[in-house]
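To start, the structure itself, in structure tokens.
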Amino acid sequence: MTKFIPSQIEKKWQVAWENSNCFSVNEFSEKPKYYVLEMFPYPSGRIHMGHVRNYTLGDVVARFRRAEGFNVLHPMGWDAFGLPAENAAMERNTHPAKWTQQNITSMREQLKSMGLSYDWKREIATCDPEYFKHEQLIFIKFLEKGLAYRKESWVNWDPVENTVLANEQVVDGCGWRSGVPVERRKLSQWFLHITRYAEELLGAIKTLSDWPERVRLMQHNWIGRSEGAQIKFFLTDNVDDITNIEVFTTRPDTLFGASFLAISPHHPLTGYLSKINSKILKFVSECEKLGTSEAALEQAEKRGVDTKLFVYHPFVNGKKIPVYIANFVLMDYGTGAIFGCPAHDQRDLDFARKYDLPVTEVVCPENENENSFSIGNVAYTGPGKIINSGNWNGLDIETAREVAINAIETGNFGTKKVSYRLRDWGVSRQRYWGCPIPIIHCSNCGIVPVPEEDLPVKLPEDVQFNTPGNPLDMHPKWKYIACPNCGLNAERETDTFDTFFESSWYFLRFTDPNSNIAFDPKKAFYWMPVDQYIGGVEHAVLHLLYSRFFTRALSDIGYLKLKEPFSGLMTQGMVCHQSYKSQDNQWLFPNEVSKKGGEFVSVNDNLPVKVGRVEKMSKSKKNVVDPEEIIKSFGADTARLFMLSDSPPDRDLEWTEAGVEGSFRFINKIFKLTINPPLKPKHKLNRNEIKDLSPENLDLLRTSHRSVQIIGDNIKRFSFNKCVAQLHIFVNAITSFTHEGEVGERVKHHVLELLAQALSPFTPHIAEELWSNLGNSEFVSSSPWPDIFENLLIDDTVEIAIQINGKVRAKLRLPLDLPKEEAEAAALSCKEVKKYMSGKEIKRIIVVPNRIINVVG
RNA sequence: GGGGAUAUGGUGAAAUUGGUAAACACGCUGGAUUCAAAAUCCAGUGCCGAAAGGCUUCUCGGUUCAAGUCCGAGUAUCCCUACCA
């Protein structure tokens, strides 16, 4: 018997696909378009199981939609800028460009070994000047349109990586990669005006009906819209030329409860005061330290310092309110100042109790007496009736809010205001391996964009990585240049873009990857939006929000006409594996562990191994399995099938050795079907013939056609695990079929063709092998999804459960669509009903056609 | 502190609209084959019980002829977010 050697079959078909260019597409087609995209990888050098899962999911969709008759765009590329290349440069003394290129080459080979149906002619790498020169021009257009601007700002400085981190790259006060506490520094930075689109990005979330609800919710929370009022509190005595403090609040209804104002340690007023008051200066510098490393500690204690300044209460004549500087007030939200209403905000209450400030109740809960209601150490934040608030007394809080805003506006010391948590996107990074920001700083002309004809600004190749800091900034020549405006000596911007910049428009470049403009609007119009985008949920907020912003911003500078880039989104779960530790507490790779009689032991010393949790594959815990090894020993089809079996795509998947072997066995079973299958019959089986077939032939045909139907339906629903289950049923039906004679041969040939077509999206190599051995010369990968014989989908009898008082007591096989009366009669005459109902009165009979009959007694 | 998700056999899971719970697989048990093993094939496998039968979708309550599915209360686990005024 021929032995199944996956690598031989798989390589053969991969080469054949590549030579035929069968996955290459263009935009001029009669067929409807379908754009399926997986998040492109960072070229780390080796693919991991997360990639295998991601790209398998995308490939199933791409192959299926192609078979369904769509013109399918399915591209792949490289998110090729980023810090690891610089780290590698330092560690191994290779240039980032070279290191990245090598990684791309080996990862491309690995991806090709998976049999993915990409249009490789559209491959892009973001570190290619042909890619990023368009990005530089986009930035200049953003600048012209006011969508990019420069701002001095406090940044999170990672002292290990010598770079600025975005707020979202700071986790628990530490750098997301380095894990060390970040420091605060003030730098001049480039920002993109994403907040200009805050309302629109928020509002359009509801149009993204094919996105997971939780991603939409995360974006909603991230934008964080809150409605309230901005209120000016006038100082009793001016400080320098400052006359008032502006405050944002969502609770203007509690204004009468205000007992202090608190401003941020980074508020301009604080800056002024700390110059003239050493106590304040000391407090501010303490906040600096606490601000990062001891975030948790800080949370516990609210601290502040009295400025000895006072403001007037806007509605209470003569009432003066003290101004504090407080560590819990953030400068970058609202105005950097709040009014404290201790009775109805827990933080304010904590603060007031600490500094002995008055607590005035202004909202009384419904079940409390307004004369006796008093706050202890828990603030009341619920609904109720306004009290102690002049002529607002008696209003509910919602009405009071409107009345308050009216009064504030009428009094001319504030306005209704909407605030967002979302902040503008800082795109400057002090790194070498990124897209240069195309700007020249001239002492004469100021900020001068690099002229379009001088683009791209390329990275210099001769750079040193042995000193900390940005190599571009330390390069002896690169940054010195004549000003394009006035010709005087000037300097290039040495910062590069955040790598999220590249990934915010790559999906557009794929629509026209070799163009000498960013992309042809007509081509982008044809292919966009991405019909199905697939990737990890870790990008639920940033990458997806930035891409949504970019699509709008690009539309506003005339590049295209589109709002939403991704109409369908699927976020896949993580690939997990059990972790193991040796006796001396060292992590062990799965292949360093073997199972002996139900016990796990170390391969090295045969000692028992401590079995840990099943968790996300990670190098640090060594619970990783290398896809290349799996593909080498079991084949890509097995790896792909395993990824799709059992767990639905959005849930975490546990990689198990037993599971892989199970998938491998199934592929082997199919392989046996590819050997000497029936010859291609002269006449194809047609749907009118089936009435003359034997029950056995008919059963097989019925199972086969139903399977194809079920598989197609479930692909559309992303229920690939159910597709695999149905494939098992399908294959089992074929292997247990004993075909006889010419008719049997024709039936078997027919169902094997269906099988090859149904397998093709999932395990394309073995499907291609089977299809070819059945006598087909075209690729199954290019064949249409099979026509289903609808007359095989319905059976003429159904099994109906007979319930007595809601419990199933019998099952009857009855003709399909049997009239109610006859069904009732059949149920009543069965012996179980007679047994259970003897001597009892039948009160009711419920008949659910073709499903159930419930006899109630 | 805030928000969200999930909970079904030994395990991963299925049950699309309230209508036969556990499809399909993994694992396990027994058998066939084999000098032996691997592979393969066949049979069994939710739980309790010798059987008859009873019980079963995290717990408690409710609606219904009928609840894994709907409603209310609670528990556990995971994820996100966090002084957002």
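The values are calculated or read from the model by the stated rules, or taken from the named source; none is laboratory data. Note that the structure is a prediction, hence the values are computed from the model and not measured. Virtual Cβ from ideal backbone geometry, glycine too; neighbours counted across all protein chains shown. In case anyone asks, the SASA skips ligands and DNA or RNA and just uses the protein heavy atoms, side chains included. Shrake-Rupley method; radii C 1.70, N 1.55, O 1.52, S 1.80 Å.
Here are some notes:
- Qualifying residue in segment A:429-439 (condition: modelled with pLDDT under 95, under 20 Å from A:Glu144 (Cα atoms), outside any helix (DSSP H, G or I) and open to solvent by less than 30 Å² (accessible area, probe 1.4 Å)): no
- The set of residues in segment A:385-413 that are outside any helix (DSSP H, G or I) and open to solvent by less than 20 Å² (accessible area, probe 1.4 Å) comprises A:Ile386, A:Ile387, A:Ser389.
- Within segment A:1-108, helices (runs of 4 or more DSSP H) holding 3 or more residues that are surrounded by fewer than 17 Cβ atoms within 10 Å (Cβ to Cβ): A:6-20, A:83-92
- Which numbered condition A:Thr243 misses (of (1) in a helix (DSSP H, G or I); (2) free of Cβ contacts under 8 Å to residues at least 24 places away in the same chain; (3) closer than 29 Å to A:His344 by Cα): (1)
- Test: residue in segment A:579-587 that is among the hydrophobic types (A, V, I, L, M, F, W, C), at pLDDT 85 or above, open to solvent by 60 Å² or more (accessible area, probe 1.4 Å) and farther than 23 Å from A:Val215 by Cβ: yes
- Qualifying residue in segment A:332-341 (condition: among the hydroxyl-bearing types (Ser, Thr, Tyr), buried (at least 20 other Cβ atoms within 10 Å of the Cβ) and either touching a residue at least 40 places away in the same chain (Cβ under 8 Å) or within 16 Å of RNA strand B (Cβ to nearest atom) (or both)): yes
- Candidate set from segment A:110-142 (those that are over 26 Å from the mean Cα position of the chain (by Cα) and surrounded by fewer than 18 Cβ atoms within 10 Å (Cβ to Cβ)); member that is nearest to A:Asn71 (Cα to Cα): A:Lys121
Per-residue answers, yes or no, for (1) more than 16 Å from RNA strand B (Cβ to nearest atom); (2) touching a residue at least 40 places away in the same chain (Cβ under 8 Å); (3) open to solvent by less than 60 Å² (accessible area, probe 1.4 Å):
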{"site": "A:Leu754", "(1), (2), (3)": "yes, yes, yes"}
{"site": "A:Gln757", "(1), (2), (3)": "yes, yes, yes"}
{"site": "A:Asn805", "(1), (2), (3)": "no, yes, no"}
{"site": "A:Glu832", "(1), (2), (3)": "no, no, yes"}
{"site": "A:Gly857", "(1), (2), (3)": "no, yes, yes"}
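- Test: A:Pro678 is more than 8 Å from RNA strand B (Cβ to nearest atom) and free of Cβ contacts under 8 Å to residues at least 24 places away in the same chain: no
- Here the condition is being of a type in the set (Asp, Glu) and touching a residue at least 40 places away in the same chain (Cβ under 8 Å); of A:Asp556, A:Asp520, it holds for A:Asp556 alone.
- Reported count of residues in segment A:579-629, each being free of Cβ contacts under 8 Å to residues at least 40 places away in the same chain, touching a helix residue (DSSP H, G or I) at 6+ places or on another chain (Cβ under 9 Å) and not charged (D, E, K, R), is 8.
- Test: residue in segment A:694-710 that is without any contact (Cβ under 8 Å) to a residue 24 or more places away in the chain and within 34 Å of the chain's Cα centre (by Cα): yes
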